[in-house]
1. Calculate, for L3 and A43, the FRET efficiency according to 1/(1 + (r/R0)^6) with r their C-beta to C-beta distance and R0 30 Å; round to the nearest 0.05.
2. Using a 7 Å offset from Cα along Cα-Cβ at A12, what residues in the range 70-103 end up with backbone N under 11 Å from the label point?
3. How far is the Cα center of the range 1-43 from the Cα center of the range 114-141, in Å?
4. Specify the angular offset, from 0 to 90 degrees and rounded to the nearest 10, of the alpha carbon long axis of helix 74-96 from the longest principal axis of the alpha carbons in the chain.
5. Roughly what angle does helix 13-43 make with the longest principal axis of the chain, taking Cα atoms, 0 to 90 degrees, to the nearest 10?
6. Here are some pairs, K61/K100; K100/K138; K106/K138; K103/K138; K46/K100; which of them have Cα atoms lying more than 29 Å apart in this structure?
7. When the helix-only estimate is applied to the chain (DSSP H runs of n ≥ 4, each -39,500 (n - 2.57), divided by the residue count), what is the mean residue ellipticity at 222 nm, nearest 500 deg cm²/dmol?
8. Whose amide H sits under 5 Å from the amide H of V139, counting only residues 5 or more places off or on another chain, with H placed in the peptide plane?
Amino acid sequence: MQLRYNFRIYPAPGRRIALAGAFGCARVVYNDNLRAREAAYAAGVKFSDSEIQRRVVTEAKRRPERVWLSQVSSVVLVQACQDARAAYRNWLDSLSGKRKGPKLGKPRWRSRKDNRQAIRLTRNGFSVRANRKLYVAKVGI
């Protein structure tokens, strides 16, 4: 059984900045993941999902130009990788005929200019406190 929760929140200004950072980091990791998968596909190289995630998240955090990825919960980054993996797999399965239904197009890049901002969290990425307040890892609220 899978459960899903949707929360509409009205964060304080400080928390808005932290959430905006989480949204931006998820977008960057998603796009980096797609870029790595496209490069591997064009080169004819097969990478495992964990190898791409290691390159896109773990190694990127160590580079000086992407050190800001460390300020966001890793749950957000891993789920962005999972979203990119699912989109790419659906596209490849659609091409090969494994996926039923109409053919899908290539996964699209996530844009900075798109105002639909969302992140996915697993159960260890958030909690609802006793005072009915939602707590998101490394964001607060």
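Bear in mind these aren't lab numbers, they're just calculated from the coordinates by the rules spelled out. The structure presented is a predicted model; accordingly, all values stated were derived computationally and were not measured. Every residue, glycine as well, gets a Cβ built from its backbone with ideal geometry; the counts of neighbours run over all protein chains shown.
1. Step by step, r from the Cβ atoms, then E = 0.15.
2. Inside the label zone: nothing.
3. 13 Å
4. 30 degrees
5. 10 degrees
6. Checking Cα-Cα distances, K61/K100; K100/K138; K106/K138; K103/K138 exceed 29 Å.
7. Value at 222 nm, helices only, nearest 500: -15000 deg cm²/dmol.
8. Here nothing satisfies the definition.
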